[in-house]
Amino acid sequence: MPEFAVEMRGIVKRFPGVVANDGIDFALDRGEIHGLLGENGAGKTVLMSTLYGLYRPDAGEILINGKPESNYGPATAIKLGIGMVHQHFMLVPRLTVAENIMLGQEPVRSGLFIDRDTAVRRIEEFSNQYGLPVDPVARVEQLPVGEQQRVEIIKALYRGADTLILDEPTAVLT
């Protein structure tokens, strides 16, 4: 039987005075879409933040493509193909869409110069491929919230996410 894309077994996460997750099991197969439902404070965001590497579980294990992963953070999660769009966006308002998306992964030419044209072209390709229209040269601070959310999604896809976590994606939409 093929392994799951993501599997969380017996995840426990505690904070001082609070048990946010207590023995949670979760599995995601390739191509599946899951929705986690629960009251405010039920631990949904904590569980997904643990999967993304923002928190380390106090107990349990995480497997990505059937392989156990531990002691990893967001950079490793991204390398493993996990992207996360947070409820409160992680964008720099004064930068352009392209600058936000490529931040930390800038394409270079001649080994020295940032290749903005390549970045803009790739972002336009992702935008068209996934039906998420954005203007790569627009400043993020001038975009409505729905477009900012698209920028976050494209940013995760640009970085190679094949598992995408959307933390309360409708909370910020009007």
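The values are calculated or read from the model by the stated rules, or taken from the named source; none is laboratory data. None of the values given here were measured: they were computed from a predicted structure. A quick note on method: Cβ atoms are made from the backbone with ideal geometry, for glycine too, and the neighbour counts reach across all protein chains shown.
On the stretch given as the range 66-93, residues that are closer than 20 Å to TYR158 by Cα and more than 15 Å from the chain's Cα centre (by Cα) total 2.
Exactly one residue out of GLY31, GLY60, GLY73, GLY38 is outside the structural domain of ILE165 (by TED's automatic domain parsing) and in contact (Cβ under 8 Å) with a residue 40 or more places away in the chain: that is GLY60. The condition of being of a type in the set (Phe, Trp, Tyr), closer than 24 Å to ILE82 by Cβ and either surrounded by fewer than 12 Cβ atoms within 10 Å (Cβ to Cβ) or at pLDDT 90 or above (or both) holds for TYR130. One residue alone among PRO144, PRO93 is loosely packed, with under 13 Cβ neighbours inside 10 Å, out of contact with any Cys (no Cβ under 6 Å at 6 or more places or on another chain), in contact (Cβ under 8 Å) with a residue 24 or more places away in the chain and more than 30 Å from LYS13 (Cα to Cα), and that residue is PRO93. Filtering ASP25, ASP58 for residues that are modelled with pLDDT of 90 or more, loosely packed, with under 12 Cβ neighbours inside 10 Å and more than 26 Å from GLY146 (Cβ to Cβ) leaves a single hit, ASP25.
Taking every residue in the range 119-133 that is touching a residue at least 12 places away in the same chain (Cβ under 8 Å) and in the same structural domain as LEU95 (by TED's automatic domain parsing) and pairing it with any residue that is part of a helix (DSSP H, G or I) and basic (Lys, Arg), at least 6 positions away or on another chain, the pairs with Cβ-Cβ distances below 8 Å are SER127/ARG150; LEU132/ARG150; PRO133/ARG150.
Here's the yes/no breakdown for (1) modelled with pLDDT under 85; (2) of a type in the set (D, E, K, R); (3) under 16 Å from ARG150 (Cβ atoms); (4) not assigned by TED's automatic domain parsing to the domain that holds ALA75:
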| site | (1), (2), (3), (4) |
| --- | --- |
| THR96 | no, no, yes, yes |
| GLU99 | no, yes, yes, yes |
| GLY104 | yes, no, no, yes |
| ASP115 | yes, yes, no, yes |
| PRO136 | no, no, yes, yes |
